Amino acid sequence: MKPPRTLGVSLAILASVMLFTVLPLLQVAAPLIIQYRLSQVDLPSPDGTGTVRPVAVGSELEGGANGATAFQVGTSALFLVIAIGAWLGRPRWIRGVMLGAVLTLLTVTVITSVATLNAPPDINSGLDSGQSLTTPLIYARLALSGLITLYVLWYLNRGPARAFYRGYYLQRGETTAPLS
């Protein structure tokens, strides 16, 4: 009988998908949706007979450089594929890939967060009243990333999770799986 996927494995996978797939995709989608909505606004015409399209909407909300956006979308999609494999429990080595992916994405998150925190303000991008929110949100994301990564590492290395990915329980007294 194949061991079932435990609640802890499910929580680890779902939490890591929320952090490393959904959140980055929302970070890309939100500014694009705002930009689209702002470009659809019609203003009353000067003579009051109808509406006119604005020439400009006041800001450029592309959400970062195109290369950075493509990297963020690509890594999110790749992690989603890895998470689906981890959810299914096949192939056997997907547990190791999942652990490596979570550690790699934590490292990328830490590097980009530290770079953002240490970067001087760019006057060319204009003044932003939301800048005071950026620093606490980055710290919160770092803390959440660290906690979720620790949980994934801890739980996917527990016996029930290893049995789920192995596909069978070890016999009493057996400490490692046979090489096959």
_Computed accessible area, L80, all protein chains, 1.4 angstrom probe, square angstrom_ = 70 Å²
*Could you give me the ³J(HN,Hα) list for segment 102-112, computed from phi with Karplus coefficients 6.51, -1.76, 1.60 and θ = phi - 60°, whole Hz, x at Gly and Pro?*
5, 5, 5, 5, 5, 4, 4, 4, 5, 5, 5
_Point-to-point label distance, L11-F71, nm (Cα→Cβ direction, 7 Å offset)_ = 3.3 nm
*Could you give the accessible area per residue of the chain, probe 1.4 Å, as a whole number in Å²?*
65 Å²
_Net charge dipole size for the chain [Lys, Arg +1 and Asp, Glu -1 on Cβ; Debye, nearest 20]_ = 1420 debye
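For the chain, the longest stretch holding no trypsin sites (Lys or Arg not before Pro) located in a DSSP loop with at most 14 other Cβ atoms within 10 Å is which? Don't skip to the end; give the middle numbers.
Values: sites that count: R92, R158, R172.
No qualifying site falls inside 1-91, the longest such stretch.
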*Out of P31, P160, P44, any idea which swings most in a Gaussian network model of the chain, alpha carbons joined below 10 Å?*
P44
_Restricting the calculation to Cα positions, tell me the Rg (one decimal) and the Dmax (whole number) of segment 100-172 in Å._
19.0, 66
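Near T175, within a Cβ-to-Cβ distance under 14 Å, what is the net charge of the other residues, with Lys and Arg +1 and Asp and Glu -1?
Around T175, the surrounding residues sum to +2.
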*Sorted by accessible area (1.4 Å probe), largest first, how do M18, M98 line up?*
M18, M98
*Which residue, T135, T51, T21, has the most motion in a Gaussian network model of the chain that connects Cα atoms within less than 10 Å?*
T51
*Taking the chain as a Gaussian network, Cα atoms linked when under 10 Å apart, which of V22, V41, V152 shows the biggest mean-square fluctuation?*
V41
*Relative to the longest principal Cα axis of the chain, at what angle does helix 66-88 sit, 0 to 90 degrees, rounded to 10?*
30 degrees
*Work out how much length W154 to L43 would gain on full extension: take 0.36 nm times their residue separation and subtract the Cα-Cα distance, in nm to one decimal.*
34.4 nm
*Please give the calculated 222 nm ellipticity per residue for the chain, where each DSSP H segment of at least 4 residues contributes -39500 (n - 2.57) and the sum is spread over every residue; nearest 500 deg cm²/dmol?*
-21000 deg cm²/dmol
*Which whole-number percent gives the relative contact order of the chain, counting Cα pairs below 8 Å spaced six or more residues apart?*
36 percent
_Suppose accessible area is computed on protein heavy atoms with a 1.4 Å probe; arrange W154, W87, W93 from highest to lowest._
W93, W154, W87
*Translational diffusion coefficient (Stokes-Einstein; Kirkwood radius from C-alpha pairs) of the chain at 4 °C, 1.567 mPa s, in µm²/s*: 66 µm²/s
_With a 1.4 Å probe and all protein chains kept in place, how much accessible area does S113 have, in Å² rounded to the nearest 10?_
10 Å²
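The values are calculated or read from the model by the stated rules, or taken from the named source; none is laboratory data. Predicted model, so just to flag it, every value in this text is computed and none were measured. Counting neighbours? That spans all protein chains shown, and the Cβs are built from the backbone with ideal geometry, glycine included. These area figures cover heavy atoms from the full protein model, side chains too; ligands, DNA and RNA do not enter into them. Shrake-Rupley method; radii C 1.70, N 1.55, O 1.52, S 1.80 Å.
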